[in-house]
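Chemist: Take a look at the following structure, please.
The values are calculated or read from the model by the stated rules, or taken from the named source; none is laboratory data. No experiment lies behind these values; they were computed from the predicted model shown. Using ideal geometry, Cβ is built from the backbone for each residue, glycine included, and neighbour counts are taken over all protein chains shown.
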Amino acid sequence: MTEIEQLRQQLQKQEKLASLGLLSAGIAHEIQNPLNFVINFSKMSHKLLDDLSDIVEDNAGRLPEADREDLCDIVADLKENMSQIAESGERAVSIIQGILLVSRGKDNEYVPSDICHIVREYVRLSYHAMRANHQGFNVTLREQYQEGLPRMMVIPQDLSRAVLNVMNNACYAVWARSQNTVEGYTPEISISVAAEGDNLIISIADNGEGMTEEVKQHLFDNFFTTKPIGEGTGLGMSITRDIIEQKHKGKVTFTSTEGKGTTFTFTIPIHKA
């Protein structure tokens with residue numbers, strides 16, 4: 001009866017997560033339209049500043065030198081601001097498209113994907129989600145992404161979910177250790193994406209709590225979690241292994257030392273687009 005009750009609670013959590021996913025997709029869709037306006041108007045403003053610069057240059061002889069220099073400085077600052085606005089808007093759109101891909105992507109559909117982009121975006125999503133839910137959380141992210149990697153045929157919404165699951169666990173592990181460490185501890189998570197031979201290697205390593213031998217034995221069991229009630233469903237690592245090993249024909253491996261940290265590695269055969 002206890003196990004049945006636990007399963008019922010887990011199913012309720014999954015139903016809430018599914019509803020939250022639908023809500024997130026709707027919010028993401030609504031936010032994308034005003035973001036497009038922000039990006040387009042920032043680019044238009046940049047063009048207007050170019051026109052203003054031309055006017056100032058054509059009338060340089062009529063303006064005092066000090067005023068001309070001030071105008072040029074102001075225009076340069078405004079151009080930089082417009083570039084930052086457009087860049088931030090495009091990044092926000094990229095995040096929203098990732099959310100929509102997860103919620104709308106067709107099951108088991110392999111599409112050409114930029115793996116470094118997927119990993120980078122979901123590492124940041126996990127980091128900011130942890131900061132939003134745990135006051136005072138911070139961590140040093142050390143990221144290495146191999147340049148020039150070809151686009152690979154993967155199921156992007158599934159691969160992103162696997163990265164998110166492991167990254168969430170890494171963030172929680174360093175946060176939990178920081179709560180029990182008096183001083184001298186600096187939370188760190190290292191992320192790397194690189195090709196080795198015919199395989200793609202995605203590695204996420206943290207210097208958090210690490211795992212006991214018992215946790216290692218049950219890590220991939222359904223509904224097994226070390227997090228408090230309400231913070232974990234116990235399905236993340238089981239789903240992650242299924243995504244990597246069953247759907248992408250790869251391998252999930254890990255090493256962990258209690259009190260020192262954990263490293264997860266995804267090894268995925270490269271299938272170029």
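Chemist: Assuming Glu196 fulfils every condition listed in (1) surrounded by fewer than 20 Cβ atoms within 10 Å (Cβ to Cβ); (2) at pLDDT below 85; (3) within 25 Å of His271 (Cα to Cα) apart from one, which condition is it?
Modeler: Only one criterion is unmet by Glu196, namely (2).
Chemist: Can you say whether Gly232 is modelled with pLDDT under 85, in the same structural domain as Glu147 (by TED's automatic domain parsing) and within 21 Å of the chain's Cα centre (by Cα), as far as the supplied structure shows?
Modeler: yes
Chemist: Among the residues of region 151-163, write down those that are surrounded by fewer than 20 Cβ atoms within 10 Å (Cβ to Cβ) and modelled with pLDDT under 90.
Modeler: Arg161
Chemist: Continuing with this model, one more query. Just to be sure, is Arg120 out of contact with any helix residue (DSSP H, G or I) (no Cβ under 9 Å at 6 or more places or on another chain) and surrounded by 13 or more Cβ atoms within 10 Å (Cβ to Cβ)?
Modeler: yes
Chemist: Another question, if that's okay. Could you please let me know if Ala195 is in a strand (DSSP E or B) and more than 15 Å from the chain's Cα centre (by Cα)?
Modeler: yes
Chemist: So which residues in region 109-119 are in contact (Cβ under 8 Å) with a residue 40 or more places away in the chain and either part of a loop (DSSP other than H, G, I, E, B) or within 9 Å of the chain's Cα centre (by Cα) (or both)?
Modeler: Of everything in region 109-119, those that are in contact (Cβ under 8 Å) with a residue 40 or more places away in the chain and either part of a loop (DSSP other than H, G, I, E, B) or within 9 Å of the chain's Cα centre (by Cα) (or both) turn out to be Glu109, Tyr110, Ile118, Val119.
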